[in-house]
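Structure, as structure tokens:
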Amino acid sequence: MSRKEDVVIIGAGIGGLTLALSLHQAGIACRIYEAVPELKALGVGINILPHAARELSELGLLPELDKVAVRTRESIFFTEHGQFVFREPAGLDAGFDWPQYSIHRGDLQTVLLDAVKQRLGADAVVCGARCTGVSQDDDSITAHFVSPEGEKLPSVQAALVIGCDGVHSALRKQLYPDEGAPRYSGVNMWRGTTVWKPFLSEASMVRAGWLDVGKMVIYPIRNNVDGKGNQLINWVAEITDPNPAIRDWSRPGRLEDFLPTFENWHFDWLDVPALIRASDAILEYPMVDQDPLPTWTQGRLTLLGDAAHPMVPRGSNGAGQAIIDARFLAGQLKEKGLVPEALQVYDKVRVAATTQVVLTNRANPPDTILREVYERTGGKPFERLEDFVSQEELQAISDNYKKIAGYSPAALKARPSFL
Ligand SMILES: Cc1cc2nc3c(=O)[nH]c(=O)nc-3n(C[C@H](O)[C@H](O)[C@H](O)COP(=O)(O)OP(=O)(O)OC[C@H]3O[C@@H](n4cnc5c(N)ncnc54)[C@H](O)[C@@H]3O)c2cc1C
């Protein structure tokens, strides 16, 4: 027998949970259907830039985020020899009205999930329901589900279905059954977290090296985890590799596959190989994305977040763009009602915006700063960086990315709220 909902959200990840909270704020009823039997705090670190932090602040979530996350104060770049390249302030320190957060993905999901349960009720998220597809006519749409054991579950009828089902989206597959495999960027990533003493500003997001010779991204994601002032440090090692790893967020990685590349990275502010060796667990993931789609919408179905626009994680925008999708969509549904026309406006605006981000993450993300320095110095230590590249040129790379991803301070301040 089928149950009737207003809006059915498929997937209780970052995008699906933000959408549920935003719809609730807009006075629209919804329910989330999630494939896994139980939501566990999985993943490692992610960043919430000011444009997404603004949305979470409009949901009243900053006090909860402040309890579990680190407010990032600066973004800082070094060569693989540990030489300083570029620094710029981040979040409030950069003049934004909203902070930048570095946070464990599981902590972010937990903050969102707790708020959903508190505001929408404990039964707002139905776990153990994997969506296998939808069928629709002019008046309604029906989502079909199976249990974790593969048994058919009751279908659910709704006015709209929003596919927030991540990089392996079943609903994207239904819309585009012949889409090719993900596009491998030629880089594999190993990720982990380590309890370690604070370094640099104690809230610095470090990018160092370059992909051809090994690149690291390192930043703290939890403060004082042990009562002794140590932080939980997130690190990502990125190396050019012709063979992509398997696209599974929980796949364990092996130290011997990447540690030798970073064995000599003993900087005065951080001993990188020691940090990696002390890690709790190591995960491996390929740097992949998918070509932007012309549309995510068919009638009463649309996609959101990674299901709609998987991107390589080189601009700290994966979670942020999912959050912005959710807020923009909720605003449209509030304004126009639960009608396909609202999905069309969402589609037009967000496909265009996120296509730019996906393509810029491929070609000119903020870490292009490191590529420029690597190529111009031939990867050798330098006496004076300004003999090779000016700080103004490096600043322009960073500013261009902010403009495209929609988070320059002035533009963000001027933009009206979505809801
Ligand atoms: C387990 C896990 C770990 C991750 N770890 C990291 C990380 O360490 N660093 C990082 O940058 N990003 C990570 N991500 C991705 C990151 O969360 C997203 O890039 C970003 O936040 C966008 O969120 P999203 O809601 O679109 O997708 P996700 O956060 O991936 O959420 C998708 C949700 O949909 C559910 N789902 C999938 N298929 C179905 C289906 N057919 N029916 C019902 N539900 C379904 C999934 O179980 C998941 O809960 C991880 C994602 C997952 C699922």
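Name the single residue, out of those in segment 308-367 being free of Cβ contacts under 8 Å to residues at least 12 places away in the same chain and charged (D, E, K, R), that is farthest from Leu175 (Cα to Cα).
Ranking the candidates gives Glu335 first.
Residues of segment 335-363 being out of contact with any strand residue (DSSP E or B) (no Cβ under 8 Å at 6 or more places or on another chain) and either aromatic (Phe, Trp, Tyr) or within 18 Å of Pro310 (Cβ to Cβ) (or both), which ones?
Of everything in segment 335-363, those that are out of contact with any strand residue (DSSP E or B) (no Cβ under 8 Å at 6 or more places or on another chain) and either aromatic (Phe, Trp, Tyr) or within 18 Å of Pro310 (Cβ to Cβ) (or both) turn out to be Arg350, Val351, Ala352, Ala353, Thr354, Thr355, Gln356, Val357, Leu359, Thr360, Ala363.
Could you look through segment 357-380, keep only residues that are of a type outside the set (Lys, Arg) and surrounded by fewer than 15 Cβ atoms within 10 Å (Cβ to Cβ), and pick out the one that is nearest to Arg87 (Cα to Cα)?
The qualifying residue nearest to Arg87 (Cα to Cα) is Glu375.
Which numbered condition trips up Glu74, out of (1) of a type outside the set (Phe, Trp, Tyr); (2) under 20 Å from the mean Cα position of the chain (by Cα); (3) surrounded by fewer than 21 Cβ atoms within 10 Å (Cβ to Cβ); (4) within 14 Å of the ligand (Cβ to nearest atom)?
It is condition (4) that Glu74 fails.
Going by what's in this entry, would Arg54 be described as within 13 Å of the ligand (Cβ to nearest atom), closer than 28 Å to Glu341 by Cα, touching an Asp or Glu at 6+ places or on another chain (Cβ under 9 Å) and among the basic types (Lys, Arg)? Lay out the reasoning, then the answer.
On the way: within 13 Å of the ligand (Cβ to nearest atom): no; closer than 28 Å to Glu341 by Cα: yes; touching an Asp or Glu at 6+ places or on another chain (Cβ under 9 Å): yes; among the basic types (Lys, Arg): yes.
Judged against the criteria, Arg54 is not a match.
Of all residues in segment 1-39, which are within 8 Å of the ligand (Cβ to nearest atom) and assigned to a loop (DSSP other than H, G, I, E, B)?
Gly11, Ala12, Gly13, Glu34, Ala35, Val36, Leu39
Residues of segment 40-51 being near the ligand (Cβ under 10 Å from one of its atoms), crowded, with 16+ Cβ neighbours inside 10 Å and either over 17 Å from the mean Cα position of the chain (by Cα) or not small (Gly, Ala, Ser) (or both), which ones? Even if it seems obvious, please write down each step before you answer.
Going through segment 40-51, the residues near the ligand (Cβ under 10 Å from one of its atoms) turn out to be 40-48.
Among the residues that remain, those that are also crowded, with 16+ Cβ neighbours inside 10 Å are: 43-48.
Of everything in segment 40-51, those that are near the ligand (Cβ under 10 Å from one of its atoms), crowded, with 16+ Cβ neighbours inside 10 Å and either over 17 Å from the mean Cα position of the chain (by Cα) or not small (Gly, Ala, Ser) (or both) turn out to be Val44, Ile46, Asn47, Ile48.
State which residue pairs qualify: first residue of a type in the set (D, E, K, R) and inside segment 142-164, second residue assigned to a strand (DSSP E or B) in any location, beta carbons under 9 Å apart, and separation of 6 or more residues or different chains.
Lys152/Thr132; Lys152/His144; Lys152/Phe145; Lys152/Val146
Tell me, yes or no, whether segment 252-261 has at least one residue that is free of Cβ contacts under 8 Å to residues at least 40 places away in the same chain and in a strand (DSSP E or B).
Scanning segment 252-261, I find at least one residue that is free of Cβ contacts under 8 Å to residues at least 40 places away in the same chain and in a strand (DSSP E or B), so the answer is yes.
Looking at Asp248, Asp291, which is the one that is away from the ligand (no atom under 13 Å from the Cβ) and among the charged types (D, E, K, R)?
Just a single option satisfies the conditions, and that option is Asp291.
Given the options Val167, Val187, Val195, Val206, name the one that is touching a helix residue (DSSP H, G or I) at 6+ places or on another chain (Cβ under 9 Å) and among the hydrophobic types (A, V, I, L, M, F, W, C). I'd like the intermediate steps shown before the answer.
Details: Val187 fails: touching a helix residue (DSSP H, G or I) at 6+ places or on another chain (Cβ under 9 Å); Val195 fails: touching a helix residue (DSSP H, G or I) at 6+ places or on another chain (Cβ under 9 Å); Val206 fails: touching a helix residue (DSSP H, G or I) at 6+ places or on another chain (Cβ under 9 Å).
When all the criteria are applied, what remains is Val167.
Hey, any hits in segment 118-131 for a residue that's part of a helix (DSSP H, G or I), touching a residue at least 40 places away in the same chain (Cβ under 8 Å) and closer than 15 Å to Gly43 by Cβ?
No: segment 118-131 contains no residue that is part of a helix (DSSP H, G or I), touching a residue at least 40 places away in the same chain (Cβ under 8 Å) and closer than 15 Å to Gly43 by Cβ.
Can you give me the number of residues within segment 392-415 that are in contact (Cβ under 8 Å) with a residue 60 or more places away in the chain and closer than 14 Å to Phe86 by Cβ?
Total satisfying the criteria: 4.
Across segment 156-185, which residue is farthest from the ligand (Cβ to nearest atom) among those that are more than 21 Å from the chain's Cα centre (by Cα) and assigned to a strand (DSSP E or B)?
Among them, the one singled out is Ala159.
Quick check: is even one residue across segment 210-227 more than 30 Å from Leu329 (Cα to Cα) and free of Cβ contacts under 8 Å to residues at least 12 places away in the same chain? Give the steps one after another, and end with the answer.
Narrowing segment 210-227 to residues more than 30 Å from Leu329 (Cα to Cα): 210-220, 222-227.
Remaining after also requiring free of Cβ contacts under 8 Å to residues at least 12 places away in the same chain: 224, 227.
Looking for residues that are more than 30 Å from Leu329 (Cα to Cα) and free of Cβ contacts under 8 Å to residues at least 12 places away in the same chain, one finds at least one in segment 210-227, hence yes.
How many residues are within 14 Å of the ligand (Cβ to nearest atom), assigned to a helix (DSSP H, G or I) and among the small types (Gly, Ala, Ser) when one looks only at segment 305-334?
The number of residues fulfilling the criteria is 7.
I'd like the full set of residues that are hydroxyl-bearing (Ser, Thr, Tyr) and out of contact with any helix residue (DSSP H, G or I) (no Cβ under 8 Å at 6 or more places or on another chain), limited to segment 121-156. Outline the logic, then answer.
The first filter runs over segment 121-156 and keeps only residues hydroxyl-bearing (Ser, Thr, Tyr), leaving 132, 135, 140, 142, 147, 155.
Result: Ser135, Ser140, Thr142, Ser147, Ser155.
Within segment 95-130, how many residues are surrounded by fewer than 18 Cβ atoms within 10 Å (Cβ to Cβ) and closer than 17 Å to Leu49 by Cβ?
Selection size over segment 95-130: 2.
Count, please, the residues in segment 186-232 that happen to be assigned to a strand (DSSP E or B) and not small (Gly, Ala, Ser). Spell out how you get there, then give the answer.
The initial filter retains those residues of segment 186-232 that are assigned to a strand (DSSP E or B), namely 186-196, 204-210, 214-222, 231-232.
Checking which are not small (Gly, Ala, Ser) leaves us with 187-191, 193-196, 205-207, 210, 215-222, 231-232.
Total meeting the criteria: 23.
No value in this document is a laboratory result; all are computed from the given coordinates. A quick note: this is a predicted structure, and the numbers were derived from the prediction, not measured. Reconstructed Cβ throughout: ideal geometry from the backbone, glycine too, with neighbour counts over all protein chains shown.
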